Amino acid sequence: MSGRRGADWQEGNPERLYVITRGRSASLAAEKGSERAVRLDLVTLIVARTEPAPTMQPEHAAILRMCHSPLSVAEISAYLGLPMSATAVLLADLLAEKRVEARAPVPKAQLPDRALIEAVMRGLQKL
C-alpha cells in the first residue's frame, strides 16, 4: 500500500484538494472568516502582511512567500497548481487571520467626455 500512496497523491487528485481545504468551499470559508467577506475574483490582488510561520500548512506558507509583491488570485492559483476554488479557500483563511490583504485591481482609466475636451481646447485657443 505504501507504494501506491505516492501514485494516488497527485496534483489533481480530489482527495488532495479535500485535505488542503479541509473539506470547505470558498463561500463557507469566507463566511466563517470575517464579518465582511471579501469577494475574491481572478484579478483581485493579494499582498502578504506577515512572514510564514513554521507550523503553517505548506500552501499557506507558499502564498505568503510569493505575495511580497501584489499577485492576482489567478497568478497564485497557477503558481500553486491548484484550482481557483481551492486557492480561494486558502486565501480566505489567510484573510481571516489578517496575514494577507486583498486589494481591488487598479481600475481602467475612463476617457473624459468629448464635449469637455473640446471646451478646454476652445478655452486654450482663446488665451
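The values are calculated or read from the model by the stated rules, or taken from the named source; none is laboratory data. Note that the structure is predicted; figures quoted are calculated from it, not measured. Here Cβ is always computed from backbone atoms with ideal geometry, including for glycine, and neighbour counts include all displayed protein chains.
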Q | Hits in the range 41-71 - residues which are touching a residue at least 24 places away in the same chain (Cβ under 8 Å), in contact with a helix residue (DSSP H, G or I) (Cβ under 8 Å, 6 or more places away or on another chain) and either of a type in the set (Asp, Glu) or part of a loop (DSSP other than H, G, I, E, B) (or both) | A | Asp41, Leu42, Val43, Thr44, Thr50, Gln57, Glu59, Cys67
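Just to be sure, is Ser27 at pLDDT below 70, among the polar types (S, T, N, Q) and touching a helix residue (DSSP H, G or I) at 6+ places or on another chain (Cβ under 7 Å)?
On the way: at pLDDT below 70: yes; among the polar types (S, T, N, Q): yes; touching a helix residue (DSSP H, G or I) at 6+ places or on another chain (Cβ under 7 Å): no.
Answer is no for this residue.
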Q. With respect to Leu116, is the statement that it is modelled with pLDDT under 90, exposed (fewer than 11 other Cβ atoms within 10 Å of the Cβ) and touching a helix residue (DSSP H, G or I) at 6+ places or on another chain (Cβ under 9 Å) true?
A. no
Q | Of all residues making up the range 85-113, the number that are closer than 12 Å to Leu40 by Cα, free of Cβ contacts under 8 Å to residues at least 60 places away in the same chain and crowded, with 16+ Cβ neighbours inside 10 Å | A | 2
(Q) Condition check: surrounded by fewer than 10 Cβ atoms within 10 Å (Cβ to Cβ) and at pLDDT 90 or above. Does Leu71 satisfy that? (A) no
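Please find, within the range 31-40, the residue that is modelled with the highest pLDDT out of those that are in a loop (DSSP other than H, G, I, E, B) and either of a type in the set (D, E, K, R) or farther than 15 Å from Pro70 by Cβ (or both).
Going residue by residue through the range 31-40, those that are in a loop (DSSP other than H, G, I, E, B) are 34-40.
Narrowing the set further to residues that are either of a type in the set (D, E, K, R) or farther than 15 Å from Pro70 by Cβ (or both) leaves 34-37, 39.
Values: Ser34: 46, Glu35: 44, Arg36: 49, Ala37: 56, Arg39: 73.
Among those residues, the one meeting the criterion is Arg39.
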